[in-house]
1. Return yes when ALA423 is more than 11 Å from ligand 1 (Cβ to nearest atom), assigned to a helix (DSSP H, G or I), among the small types (Gly, Ala, Ser) and at pLDDT 95 or above and no when it is not.
2. Scan VAL240, VAL212, VAL224 and give me the residue that is within 11 Å of ligand 1 (Cβ to nearest atom) and either closer than 20 Å to ASN412 by Cα or not in a loop (DSSP other than H, G, I, E, B) (or both).
3. Looking at segment 377-388, can you tell me whether even one residue there is surrounded by fewer than 21 Cβ atoms within 10 Å (Cβ to Cβ), modelled with pLDDT of 95 or more, under 23 Å from GLY67 (Cβ atoms) and among the acidic types (Asp, Glu)?
4. Considering only segment 406-413, I want to know if a residue exists there that is at pLDDT 95 or above, surrounded by fewer than 15 Cβ atoms within 10 Å (Cβ to Cβ) and either within 22 Å of the chain's Cα centre (by Cα) or within 16 Å of ligand 3 (Cβ to nearest atom) (or both).
5. Examine segment 152-169 for a residue that is of a type outside the set (Gly, Ala, Ser), free of Cβ contacts under 8 Å to residues at least 60 places away in the same chain and not in a strand (DSSP E or B), and state whether such a residue exists.
6. What residue, among those in segment 54-67 that are crowded, with 17+ Cβ neighbours inside 10 Å and touching a Lys or Arg at 6+ places or on another chain (Cβ under 9 Å), is nearest to PHE9 (Cα to Cα)?
7. Tell me which residues, restricted to segment 441-477, are of a type in the set (Asp, Glu) and over 22 Å from LEU114 (Cβ atoms).
8. Tell me the residue from GLU326, GLU319 that is touching a Lys or Arg at 6+ places or on another chain (Cβ under 6 Å), among the charged types (D, E, K, R) and within 16 Å of ligand 1 (Cβ to nearest atom), please.
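The values are calculated or read from the model by the stated rules, or taken from the named source; none is laboratory data. Owing to the predicted nature of the structure, the values given are computational and were not obtained by experimental measurement. Neighbour counts run over all protein chains shown; Cβ positions are idealised from the backbone, glycine included.
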Amino acid sequence: MITWKNEIFLPAQIKFVWEGDTAYQAADLREENKHLFGGEFSKIFSTVKDNCFVVFAGMGKEEKLDGRKFKNVVAKAARTITSYNIDEFSVDISALTKTFDDKAYFDVVAGVELGLYRYQGIHQTNQQKDYTVSVVDENNNSEKSAEYIAKAKSIADGMILTREWINTPGNYLTPEIFAQDITEKLTPAGVEVSVLCPDQLKEKGMGALLAVGNSSDNKPRLIVMKYTGNKHSDKVYGYVGKGVTVDTGGYSLKNSAGLMYTKGDMGGAAAVAGAIYAIAKNKLSVNVVAVIPAAENRLSNQSHIPGDVVTSMNGKTIEILNTDAEGRLILADAITYAVREAKVTHLVDVATLTGAVVGALGTVAAGCTTNDEDYLNDFYGAAKEAGERYWQLPLFEEYEEMLKSKVADLKNMGGPNAGTIAAALFLREFVEDKPWIHLDIAGTSQTEAPSNDYHCFGGTGFATPSLYFLAERNQEFIEQ
Ligand code: BES
Ligand code: MG
Ligand code: ZN
């Protein structure tokens, strides 16, 4: 837990220094020692100055800094200072707010929060560490500063919620528990949460979600989160997240290596829930509905099997060729629900959907596809603010052949190639012409070998801040 204050702690401090010929002076170095620290990007220099332990963090050249690099330096500095067993320190962000104004707060607060976060796990003894961090900002008065800290912290908290859910083992996070936990955490933030149980899913005709979810005794749920921040707007932003709490592959069973990673296939669900939490906390003037189909994909005598045909909520029939392609099935029904019942006007779906996207883009960028280039450009703007990388894959019409079935309207997998595109084309069948963006976060949702300093082993919180900033930039302020 980190407590944020905006009053000065002198015993230990982080200071940021831009790269330049005089950077060494900030660190009180003599000219002959200037090679020790010149404010180079990501360079850390620790020293004692006026009885205060100071960690100087090099920010590099101003024009080269972006949100991702920014958070990385902050995280590195926070890890350095806490590695000396210091649990109270201040961060002087005056050099940053001078250049970036209030925008610097998100990167600083998120950099510290995410850089110091560790999953506590399930241990006999509590491993929790507590820190107190104060922010020093000469360019904003203390009220403004407190407001910016609170706002930034809501977004960081949303990302940490996302990480926690991803890191929780599958037997501690069944669809039912996931639904309860979301209700408990999001309701106080101002989100209206409702949960559909199997009987209701059956009434709605959600044959695709039920086909997957019935493979387990831990039955499926549809978790619907609604935030109404602007009653005067007719726009409703729909965020749909894949919530497979356990993915064994079902009858198309994964091999032993694949079975080591049964948890974490609800990274998309965790991202949409974390985002709507932050949106509601910050009372954005926008309407958002997040929908999570939550299910376990297991092997039992109730499981669907390859060769079966299931009927989705929108009436389309689907031939199952591979039960490990379960994500698109449950998303299909959740998307139909979002469009027809929650009446969303815009759609983003987020899913740890295909191994193929990891092959294409690795763990640095998520894949995305769209039916509306303008909406995707808007999203790219949000992703830039969030400091996240996305890369578009094409939906060329020749690929459409891949999903044609001889016995049903669609089949649930294509051929051996272009797996991410096949999955996206499948989902497009359900969006009913709403502006739609699909995010495949299979490679970015969690990490074993972090490629960013603000990441650590496990869930990254990926997609949560981009979804937050997408809502932020789509706020409408209608005069009454
Ligand atoms: N959840 C997996 C995708 C995945 C793979 C996520 C690796 C993270 C890391 C998904 O349910 C799956 O198994 N997809 C199959 C689809 C295939 C059978 C068409 C895949 O990608 O192999
Ligand atoms: Mg699967
Ligand atoms: Zn899966």
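1. Numbers: more than 11 Å from ligand 1 (Cβ to nearest atom): no; assigned to a helix (DSSP H, G or I): yes; among the small types (Gly, Ala, Ser): yes; at pLDDT 95 or above: yes.
It is false that ALA423 is more than 11 Å from ligand 1 (Cβ to nearest atom), assigned to a helix (DSSP H, G or I), among the small types (Gly, Ala, Ser) and at pLDDT 95 or above.
2. When all the criteria are applied, what remains is VAL212.
3. yes
4. Checked against the condition, which is being at pLDDT 95 or above, surrounded by fewer than 15 Cβ atoms within 10 Å (Cβ to Cβ) and either within 22 Å of the chain's Cα centre (by Cα) or within 16 Å of ligand 3 (Cβ to nearest atom) (or both), segment 406-413 yields no hits at all.
5. Of segment 152-169, the ones of a type outside the set (Gly, Ala, Ser) are 153, 155, 157, 159-169.
Narrowing the set further to residues that are free of Cβ contacts under 8 Å to residues at least 60 places away in the same chain leaves none.
No, there is no match, as no residue in segment 152-169 is of a type outside the set (Gly, Ala, Ser), free of Cβ contacts under 8 Å to residues at least 60 places away in the same chain and not in a strand (DSSP E or B).
6. Filtering segment 54-67 for residues that are crowded, with 17+ Cβ neighbours inside 10 Å and touching a Lys or Arg at 6+ places or on another chain (Cβ under 9 Å), the one nearest to PHE9 (Cα to Cα) comes out as VAL54.
7. Quick first cut of segment 441-477, residues of a type in the set (Asp, Glu) only: 448, 453, 472, 476.
The answer is GLU476, and nothing else.
8. Exactly one residue qualifies, and that residue is GLU319.
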